[in-house]
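These notes are about the structure you will find just below.
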Amino acid sequence: MNVLCTTVGLIAIYLYVSFVSLVWDGLDRRLVARMQRRVGPPLLQPFYDFLKLVSKESIIPRDSNKMFEASPILALAASITLLAYTPIGFGPILATKGDVLVFIYLLALIAFIRVIGAVSSGSPYAQIGAQREVIMLASREAPMMLGLFAILWRLAKLDVERPFSLETLYQHNIWEIGTPLTIVGSLVLLIVFVFWLASEIEVGYFNIPEAETEVAEGPMAEYSGRHLALFKLSNSLKEYASASLVVAMFFPWGLSQYLGISGIEAMLVDLVFHTIKVFMILFVSMSLFRAITGRLRVTQAVNLFWSRILSASIIGAILLVIDILGVIG
Amino acid sequence: MNSRIEYWVKIPIGPIHPALEEPEKFIITLDGERIIHVDIKLGYNLRGLEWIAMRRNYIQLLYLVERICGICSFSHNHTYTRAVEEMAGIEVPERAEYIRAIIGELERIHSHLLNLGVVGHAIGYDTVLHLSWLARERVMDILEAIGGNRVNYAMNTIGGVRRDIEEKHKRMILEMIRYYREEVMPKVEEIFLYDPTVEARLRDAGVIPKRIALEYSAQGPTARGSGIKKDVRYNEQLGVYPELGIRPITPKEFTGVIKGDVFDRMVVRVGELWQSMEIIEKAFDQMPEDKIKTFSKDNVALAKLKKAEGAGIGRYEAPRGETIHYVRANPGTDGPAKWKAREPTFPNLFAVARALVGEQLADVPVAIASIDPCLSCTDRVAIIDSKTGKKKVLTEKDLLKASIEKTKEINPNIKAKPEAVGGICGGVRL
């Protein structure tokens, strides 16, 4: 019975998130268009694009191998699995005592599957895109993990049962500790995570692997038809999931406890409220960032991550550590 | 052990690629992200213009020349007119020269705004593209109001201009200049002189040092960005430009340093936007009341040109650099024996290809966009064996041999034997 509930829940969440993340894509395109003084496409354009791509013939390059066709399916499968471990207004549906590790692992796995698909396509543009993707992945993971674990460790000191579960984020939040050091540390980490999110969804400065004018969409260069549609959907799901992590870490508050409802209705209300918060964080990290910046060279982006963002992350973590150890005061 | 395994990859940029507006091919050899070698293949845009030109008369040729390229339609037209006027010794009324200067500068404004947007797009900064092209609409509207067309305004004719600039046009243009000065230019300067992304991407990218620019004979903003004071309107004291206070713009006036990178080329373009507006205002102040063309009708001009002899060369500083047109008369007929155009993209393209060696792949689109390439102007000759469809590559020696043969055929008395100098270009790939 429990297995059945979880399965139905996961399917429901998958359908909901696919819908919502595609709506966000349309909203993002319209918002950026307005910032650029354009009218922009209709709100439902991503749906039309998706349906059209699905109905189109998919061209398989002569030099490609089996992984070229398998990787879009694997990427979508990994994204759906990722949703089961994503905090969406309440704890992940497959919450375990170490689900944060699974979350990070799956997020990296999607990028790796994209790389495998690109390398298998036999296109030189895709090869370069894949190289860039791996370089970016290696640079962005370190500050993100450091920040995430520093916050979870700080929360673990508040007597939680499962410190390595994303459910913890809904039991306690980092702001309720209230000491100046945690607040400053969390603000620094918030900035780190805004940059991490932008690089995870590859916009603005970090639109390097898929650079349209340089490597002609990089890893996606040879994909077309339904394979491309699957990748697009998986990217949208990943976008939502990674934004959800930032929301759960820094803005976890739900509406249901104030409205005094519980059960399935509370979950629905929290889910909708969570989606609104995800849209807001994506607006800053994606739409705004995309409109006011251009793309960096890959060396500059790596430099930015290892010299600025990693050091910001270290500073944030050190502030939280000082707070725990009580060195000052 | 100093043997190092090298993983070189050859990447074709083009003939069709998102970074390029027109078909051309760059074969780039890469070591990781670093560029080892750049090879250029041209000839994807050949339309046989010179062949068509030999079958037209001088007036019809005006419209053909205008359609070489979409952006410098006025420049080519103007240069061709100057060449024909020099050949036939036709005097142009002063008012016509001022009108030509005004339209030429309006075209420069629209071409430079276009290029600012294209460079923004090349670095993925699409907001710059959309906003600068929005600003460009204003000058396009003015050109449409004057010439009746957004791109091919057909203003020139042999011995003058075809349309006068009236009082209402003058009001519109001055209003446009006010709009650009107050609303557009501060934003353009903010982006291209101070924006961190733009500075990070354009500074030290695609550096063309002064020596390379001289050796490859770079033209226009590409040369001026490297610190060469080269502007035909200034160097040749062309037409009425000396009275309009023309001077070559170098990035030194804005940033104080000359590095010859993409950033400097864009700074030159921003400076020329300011200069063009000043020139238009001065031209309106100094413009005399006069007739606008020497010949009242085209057939009168053709009758005069029928008697013309010799050859003429026209030079003009198009937005992309110096354009040269050569016209040789065919006495007794109303068309030229030979018409040839040389546009600035050809030398600039090789200069930028040389500059790209040692840089990163990410710099390729922006460096190519920064010379504002116009391939439809460039491609005019291709030697193809019609049976096999193979293209020939002519080296310097082959070209020299062909020209010696031709010279002997025309004048057998010439005894000089020039030798190949073996310059850096090595040859011309067709």
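Bear in mind these aren't lab numbers, they're just calculated from the coordinates by the rules spelled out. Quick caveat, the model's predicted, so the values are computed rather than measured. Virtual Cβ from ideal backbone geometry, glycine too; neighbours counted across all protein chains shown.
Taking N as the number of residues in the protein assembly as shown, what value does Rg over Cα atoms divided by 2.2 N^0.38 Å take?
Details: Rg = 31.4 Å, N = 759, 2.2 N^0.38 = 27.3 Å.
The value comes to 1.15.
What separates the Cα centres of region A:54-101 and region A:257-279 is a distance of 26 Å. Counting Cβ atoms of other protein chains within 10 Å of each Cβ in B:124-134 and taking the mean gives 5.
Between amide H atoms placed 1.01 Å from N, distances below 5 Å from B:LYS25 occur with B:LYS41, all of them 5 or more places distant or on a separate chain.
For region B:148-221, the calculated P(r), taken from all Cα-Cα distances in 5 Å bins from zero up to the bin holding the longest distance, is 3, 11, 10, 12, 12, 14, 14, 14, 9, 2 percent.
Translational diffusion of region A:130-234 was estimated from the Stokes-Einstein equation, with Rh taken as the Kirkwood radius over Cα pairs; at 4 °C and 1.567 mPa s the coefficient is 80 µm²/s. Over region B:214-261, the ratio between the Cα radius of gyration and 2.2 N^0.38 Å evaluates to 1.20. In a simple Cβ point-charge model (Lys, Arg +1; Asp, Glu -1; nothing else charged), chain B has a dipole of about 1740 debye relative to its Cα centre.
Once the C-beta distance of B:TYR63 and A:TYR105 is scaled by a Förster radius of 56 Å, the resulting FRET efficiency is 0.25 to the nearest 0.05. For B:LYS168, a cut-off of 18 angstrom between C-alpha atoms picks up these lysines, skipping any fewer than 8 places away in its own chain: B:LYS282.
With a cut-off of 12 Å between beta carbons, the residues surrounding B:LEU238 carry a summed charge of -3, where Lys and Arg count +1 and Asp and Glu -1. From the alpha carbon centroid of region A:126-192 to that of region B:72-134 is 54 Å.
Indicate the helices, whole DSSP H runs only, in chain A that combine a mean Kyte-Doolittle hydropathy of 0.0 or more with a Cα extent along their long axis of 24 angstrom or more. Span-like helices here: A:2-35, A:66-84, A:99-120, A:124-156, A:180-200, A:225-250, A:264-282.
Among A:MET280, B:MET287, A:MET144, which comes first, second and so on when ranked by fewest other beta-carbon atoms within 10 Å? Please report the intermediate quantities before stating the final value.
On the way: A:MET280 13, B:MET287 18, A:MET144 26.
Going from least to most buried by this count: A:MET280, B:MET287, A:MET144.
Counting only Cβ charges, +1 for Lys and Arg and -1 for Asp and Glu, the dipole size of the protein assembly as shown around its Cα centre is about 2260 debye. Summing charges over neighbours of B:GLY117, with a neighbour being any other residue whose Cβ is under 10 Å away from its Cβ, gives 0 when K and R count +1 and D and E count -1. Cross-link reach is defined here as a Cα-Cα straight distance under 30 Å, omitting same-chain residues fewer than 8 places apart; for A:LYS97 the lysines meeting it are A:LYS157, A:LYS238, A:LYS277.
For region B:158-223, chymotrypsin sites (Phe, Trp or Tyr not before Pro) are listed when DSSP marks them as loop and at most 10 other Cβ atoms sit within 10 Å of their Cβ; the list is empty.
Lysines within cross-link reach of B:LYS10: Cα-Cα under 17 Å, excluding same-chain residues under 8 positions apart? Output for B:LYS10: B:LYS25, B:LYS41.
Return an integer: the convex hull volume of the alpha-carbon atoms of chain B, in Å³ per residue.
Values: hull volume 72.5 nm³, N = 430.
In chain B, the Cα hull volume divided by residue count equals 169 Å³.
State, as an integer percentage, the relative contact order of chain A based on alpha-carbon contacts under 8 Å between residues 6 or more apart. Provide the component values of the computation, followed by the final result.
Working: 488 pairs, mean separation 89.8, N = 329.
So the answer I get is 27 percent.
Across peptide B:352-365, the mean count of Cβ atoms from other chains lying within 10 Å of each residue's own Cβ comes to 3.
Sorting B:310-320, B:84-94 by their mean Cβ neighbour count within 10 Å, with the most densely packed peptide first, gives B:310-320, B:84-94.
Fewest to most neighbouring Cβ within 10 Å: what's the order for B:ASP334, B:ASP261?
Details: B:ASP334 17, B:ASP261 24.
Least to most surrounded, the residues fall as B:ASP334, B:ASP261.
Largest GNM mean-square fluctuation across A:ALA198, A:ALA291, A:ALA12, computed for chain A with C-alpha springs under 10 Å, falls on A:ALA12.
Shielding value for A:294-303 is 6, the average number of Cβ atoms from other chains within 10 Å of each residue's Cβ. Ordering B:SER75, B:MET87, B:LEU62 by the projection of their Cα atoms onto the charge dipole of chain B, which places +1 on the Cβ of Lys and Arg and -1 on the Cβ of Asp and Glu, puts B:MET87 at the extreme positive end.
Any idea what diffusion coefficient region A:1-124 gets from Stokes-Einstein, in µm²/s, Kirkwood Rh on alpha carbon pairs, 20 °C, 1.002 mPa s? Stokes-Einstein gives a translational diffusion coefficient of 126 µm²/s. Do you know the relative contact order of region A:182-329, to the nearest whole percent, from alpha carbon pairs under 8 angstrom that are 6+ apart? RCO, region A:182-329: 44 percent. Once the GluC sites (Glu not before Pro) in DSSP loops with at most 10 neighbouring Cβ atoms within 10 Å are cut out of chain A, the longest remaining piece is A:162-329. Expressed as a whole percent, the proportion of Cα-Cα pairs in region A:8-54 lying more than 17 Å apart is 43%. Considering Cα pairs under 8 angstrom that are at least six residues apart, work out the relative contact order of chain B and quote it in whole percent. It comes to 23 percent, rounded to a whole number. On a 22 Å Cα-Cα criterion, which of the cross-link pairs B:LYS297/B:LYS338; B:LYS210/B:LYS230; A:LYS56/A:LYS232; B:LYS187/B:LYS252; B:LYS304/B:LYS338; B:LYS170/B:LYS293 come out too long? Violating the 22 Å Cα-Cα cut-off are B:LYS297/B:LYS338.
Across the options A:LEU76, B:VAL327, B:GLY148, the greatest Cα extent toward the positive end of the charge dipole of the protein assembly as shown (unit charges at beta carbon of Lys, Arg, Asp, Glu) belongs to B:VAL327. Computed over the alpha-carbon pairs of region B:38-191, the distance histogram in 5 Å steps reads 2, 8, 15, 18, 16, 15, 12, 8, 5, 1, 0 percent, short to long.
Determine the sum of side-chain charges near B:VAL267: Lys and Arg each +1, Asp and Glu each -1, restricted to other residues whose C-beta is under 12 angstrom from that of B:VAL267. Walk me through the intermediate numbers first.
Details: positive: B:ARG203, B:ARG224, B:LYS252, B:LYS259, B:ARG265, B:ARG269; negative: B:GLU189, B:GLU199, B:GLU253, B:ASP261, B:ASP264, B:GLU272.
Residues near B:VAL267 contribute 0 overall.
Which FRET efficiency, nearest 0.05, do A:LYS97 and A:LEU51 yield, Cβ-Cβ r, R0 56 Å?
Working: r = 41 Å, r/R0 = 0.73.
Plugging the Cβ-Cβ distance into 1/(1 + (r/R0)^6) gives 0.85.
For B:TYR326, B:TYR125, B:TYR44, what's the fewest-to-most ordering of other Cβ within 10 Å of each Cβ?
Working: B:TYR326 18, B:TYR125 23, B:TYR44 15.
By the 10 Å Cβ count, ascending: B:TYR44, B:TYR326, B:TYR125.
In the elastic network of chain A, a GNM with C-alpha springs shorter than 10 Å, the most mobile of A:LEU82, A:LEU44, A:LEU230 is A:LEU44.
Projected over every direction and averaged, the convex hull enclosing the alpha-carbon atoms of chain A yields 18.1 nm².
Note on region A:2-325: dipole from Cβ charges, positive end direction compared against A:LEU181, A:SER236, A:GLN171; the farthest Cα belongs to A:SER236.
Given Cβ point charges of +1 (Lys, Arg) and -1 (Asp, Glu) and nothing else, what value in debye, to the nearest 20, does the dipole of chain A about its Cα centre take? Mind showing how you got there, number by number?
Details: 24 positive and 24 negative charges, 125 e Å.
Its charge dipole is roughly 600 debye.
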